[in-house]
Amino acid sequence: MTSPSLAAIKAREESLLCHTYGRYPLSVTRAQGSRLWDLDGREYVDLLSGIAVTSLGHCNEELAEVMAKQARTLVHVSNVVYQQEQLDLAERLLDLSHCEKAFFCNSGAEANEAMIKLARRYMQRVRNTGAFEIITLEGAFHGRTLATLAATGQAKYQDGFAPLPEGFIQVPWGDLAALEAAITPRTAAIMAEMIQGESGIHPMSPDYAHGIEALCRKHNILLLVDEVQCGMFRTGRPWAFQHFNLKPDIVSCAKALANGLPMGAIMTTNEVAQGFVPGMHATTFGGTPLVSAVACKVVDIMRRDKLDERAARLGNAFMARLREVADRVPGRIKAVRGMGLMIGVELAFPGHEVWAALLERGFVLNLAHERVLRLLPALTIDEADLNAFAAALEDVLLNTPEA
Ligand SMILES: *Cc1c(COP(=O)(O)O)cnc(C)c1O
């Protein structure tokens, strides 16, 4: 049997699926570790990991074993009964930070929805205030449900979806004075990513991060941290907020949590967790035994193999290498930014051609906001793959006319 062509797959999808995705000209049929293979058996180096999802590599053998065993023991049973796999996972996740209670769901947007709902309910029913407003930061990405879209605040994603839920306002990134000016008696919380991913990899400065937490404490409002992309050991610590020694009131995570099985979670303090009582929030699939068992193994492997330390070490060496490339192609690279293995290379010009040339050379990565090559490799990637990418980038920049 011959495999279908990419054009045939494209045409088939056109007739079958809602047109929500602008896809890369690539159909992946198989993956292992940091390698992808397309229809023709061509090999690619995966520097995107499903957008920070498969942090332990594709088809990880240890996870496959847990998955197969759990598939034959208990897959799903509903949250109407007790499930120890959720408790095993909660223990492991809560052991990674100051947080004391967890809630499980199925995606990043859902985790952020739970975070928003908990913040509002805690302020309104535990603190007995009328506060509901959430302040977010320009460039944020918090998801695509109606409330998280309101929190995201980017006009291009909101077009045609009015009316969005009320109670979200946005202030410029990096401006503590504007943030404080936006706080009123209606304010329930400030919600932020420590490192913005979708906007093109923008880490907070320590002063900014500390300033945000200080404003929350001064005004007695909650600090909500979205670790959906930057969490799970990627930046050199289990959670990015730990670089700044912050103690957020609620933390959301998802993406890498179950290495590709859909799972999200929030983690919070005992104090704020009082906002939820039985019946106030729920989800059918949240924390199923299957995904919970896999996520337990994910955390165990990340800890055992000290993948936070590895991410920091490889990330620092890789960024140094990318800055050397920048020096050798004057004027072409505007900045190399990141923490650990969450890295952005901002080009001085629209980068589609460079991105396409890198794909042509077998490197899969994302182009964020036209100009930023977004790199989110598996935390287990070989250093040689990162060096090969740096060399390819240099070569492409030397040979691609300025767009
Ligand atoms: C991806 C992402 C989300 C949304 O997660 P989904 O699983 O796609 O709903 C939310 N916040 C951040 C920071 C993300 O990167």
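The values are calculated or read from the model by the stated rules, or taken from the named source; none is laboratory data. Source: prediction; values computed, not measured. Cβ placement follows ideal geometry from the backbone for every residue including glycine, while neighbour counts extend to all protein chains displayed. All accessible areas refer to the heavy atoms of the entire protein, side chains included, with ligands and DNA or RNA removed. Shrake-Rupley method; radii C 1.70, N 1.55, O 1.52, S 1.80 Å.
When the gyration tensor of the stretch 179-221 is built from Cα positions, what are the square roots of 5 times its three eigenvalues, in whole Å, from largest to smallest?
Working: eigenvalues 93, 28, 11 Å².
That gives 22, 12, 7 Å for the three semi-axes.
Specify the residue with the greatest mean-square fluctuation among P163, P262, P350, computed from a Gaussian network of the chain linking alpha-carbon atoms under 10 Å apart.
Checking each option, the largest mean-square fluctuation is seen for P163.
Counting Lys and Arg as +1 and Asp and Glu as -1, what is the net charge of the other residues whose Cβ lies under 12 Å from the Cβ of M280?
Around M280, the surrounding residues sum to +4.
Name the residue from L314, P330, F285 whose Cα lies farthest towards the positive end of the charge dipole of the stretch 243-335, charges +1 on Cβ of Lys and Arg and -1 on Cβ of Asp and Glu.
My answer, from the dipole projection, is P330.
Treating each Cα of the chain as an identical point scatterer and ignoring solvent, apply the Debye formula and state log10 I(q)/I(0) at q = 0.11, 0.13 Å⁻¹.
These q points yield log10 I(q)/I(0) values of -0.84, -1.17.
How would M280, M339 rank on accessible area, largest to smallest, probe 1.4 Å?
Per-residue accessible area, sorted high to low, gives M280, M339.
With all protein chains present and a 1.4 Å probe, how do C59, C18 order by accessible area, largest first?
From most accessible down to least: C18, C59.
So which of K101/K306; K156/K247; K218/K247; K117/K297 end up more than 21 Å apart by C-alpha?
The pairs that break the limit, which is 21 Å between Cα atoms, are K101/K306; K156/K247; K117/K297.
Under the rule of -39500 (n - 2.57) per DSSP H run of 4 or more residues, summed and divided by the residues of the chain, what mean residue ellipticity at 222 nm is obtained, to the nearest 500 deg cm²/dmol? Don't jump to the answer; show the numbers that get you there.
Numbers: 14 runs with 151 residues, N = 403.
So the helix-based figure for the chain works out to -11500 deg cm²/dmol.
Let's see if you can work this out: charge +1 on each Lys and Arg Cβ, -1 on each Asp and Glu Cβ, no other charges. What is the dipole magnitude of the stretch 270-352 about its Cα centre, in debye to the nearest 20?
380
Amide H to amide H under 5 Å from F168: which residues, 5+ apart in sequence or cross-chain, H placed 1.01 Å off N in plane?
Those lying under 5 Å, H to H, from F168 are I134.
Dipole size in debye (nearest 20) for the stretch 29-141 around its Cα centre, Lys and Arg Cβ +1, Asp and Glu Cβ -1?
540
Tabulate in residue order the Karplus-calculated ³J(HN,Hα) for the stretch 72-82, using 6.51 cos²θ - 1.76 cosθ + 1.60 with θ = phi - 60°, rounded to whole Hz; enter x for Gly and Pro.
Residue by residue, the stretch 72-82 yields 9, 10, 6, 9, 8, 8, 6, 7, 6, 10, 6 Hz.
Quick one: what are the phi-derived ³J(HN,Hα) couplings along the stretch 40-55, Karplus 6.51/-1.76/1.60 with θ = phi - 60°, whole Hz, x for glycine and proline?
These are the phi-based 3J(HN,Hα) values: 8, x, 6, 8, 10, 8, 8, 9, 10, 6, x, 6, 6, 9, 8, 5 Hz.
About its Cα centre, what dipole magnitude does the stretch 91-164 give when the only charges are +1 on Lys and Arg Cβ and -1 on Asp and Glu Cβ, stated in debye to the nearest 20?
Details: 9 positive and 8 negative charges, 52 e Å.
Taking the Cα centre of the stretch 91-164 as origin, the dipole is about 260 debye.
Just H352, H210, H19 to compare: in a GNM of the chain, with alpha carbon springs under 10 Å, which one fluctuates most?
In the Gaussian network model the winner is H19.
Could you pull out every residue, at least 5 positions away or on a different chain, whose amide H is within less than 5 Å of the one on L222? Hs are placed 1.01 Å off N in the peptide plane, and Pro or chain starts have none.
When sequence neighbours closer than 5 places are left aside, the close amide H contacts are A189, I190.
Which aspartates and glutamates have a Cα less than 16 Å from the Cα of K10, not counting those fewer than 8 places away in the same chain?
Here the aspartates and glutamates satisfying the reach criterion relative to K10 are D38, D40.
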